[in-house]
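Take a look at the structure set out below.
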Amino acid sequence: MNKNENPGSTHPLLRRLEGRFFRSVPTPRLDKVLDPPALNSAGRYHRPGERILYTSATFESAVAAISGYMRQDGLPRMMVPLQISEVFVLDQHDEEACKAFGIKRDLSNEAWQAAIAEGREPASWHNADIARAAGAGGIIDRSRKMPGGWHLNLFYWNESGGPKVEICGEPVEIVLRAGEPTWDRSRTD
């Protein structure tokens, strides 16, 4: 089977999704919002060289996810609304699906950057590997900062067998409030 084919419609434990999502990008990369990470980049669900598109279900959950990185690296970021067509994903909220696939969903909450710094492979990479091997088009990550929040992370997009992802609105600057873990809503409303 081609790795880009998504057999999710035949697998009852993968969740069907489509709709509007949000992606934050450093302002200088705004023209690359739909590009995969740089080849030397690693993240919670991807090793260097692996494709992934990190998105969030709401503007608020996207800001919650990125605020720590913004405070860490000081880079200005923009939020871009995206329209994502039908995709079948592994939902880490679904305990039955996680158990059936052998995913230990709580391991996805471990600090992935600390694992790399210690010379270990982040456990979340293993969970993503399982989802990819199961034919999922992505994985839903439960928010660690916002109760009920979640993120959709696509393994492939805008290619044969994958969902279509399009920009569907104007980008909005993310402005954080000094000393708080949230953004200045008055700048985005």
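Key figures
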{"read-out": "Index of the failed condition, SER124 passing every other in (1) touching a helix residue (DSSP H, G or I) at 6+ places or on another chain (Cβ under 6 Å); (2) free of Cβ contacts under 8 Å to residues at least 12 places away in the same chain", "value": "(2)"}
{"read-out": "Subset of the stretch 160-189 [surrounded by fewer than 19 Cβ atoms within 10 Å (Cβ to Cβ), assigned to a loop (DSSP other than H, G, I, E, B), at pLDDT 95 or above and of a type outside the set (Gly, Ala, Ser)]", "value": "LYS164, CYS168, GLU170, PRO171"}
{"read-out": "Every pair of residues 6+ apart whose Cβ atoms lie under 6 Å, when the first sits in the stretch 127-144 and is among the small types (Gly, Ala, Ser) while the second is in a helix (DSSP H, G or I)", "value": "ALA134/PHE101; GLY135/PRO7; SER143/SER61"}
{"read-out": "Residue in the stretch 101-110 that is out of contact with any strand residue (DSSP E or B) (no Cβ under 6 Å at 6 or more places or on another chain), of a type in the set (S, T, N, Q) and more than 30 Å from LEU176 (Cα to Cα) present", "value": "no"}
{"read-out": "Residue ranges of strands (runs of 3 or more DSSP E) in the stretch 6-112 with at least 3 members of a type in the set (A, V, I, L, M) and surrounded by 15 or more Cβ atoms within 10 Å (Cβ to Cβ)", "value": "77-91"}
{"read-out": "Some residue of the stretch 39-58 being in contact with a helix residue (DSSP H, G or I) (Cβ under 9 Å, 6 or more places away or on another chain) and of a type in the set (Asp, Glu)", "value": "yes"}
{"read-out": "Only one of LEU53, LEU30, LEU75 that is farther than 17 Å from GLU173 by Cβ and among the hydrophobic types (A, V, I, L, M, F, W, C)", "value": "LEU53"}
{"read-out": "Top-ranked residue of the stretch 117-152 - restricted to ones that are aliphatic (A, V, I, L, M) and either surrounded by fewer than 15 Cβ atoms within 10 Å (Cβ to Cβ) or outside any helix (DSSP H, G or I) (or both), ranked as nearest to the chain's Cα centre (by Cα)", "value": "LEU152"}
{"read-out": "Matching option when the condition is at pLDDT below 95 and either among the aliphatic types (A, V, I, L, M) or within 17 Å of PRO26 (Cα to Cα) (or both), among GLY135, GLY74", "value": "GLY74"}
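The values are calculated or read from the model by the stated rules, or taken from the named source; none is laboratory data. Just so you know, these numbers come straight off a predicted model, no measurement behind them. Ideal geometry is used to build each Cβ from the backbone, glycine not excepted, and the neighbour counts take in all protein chains shown.
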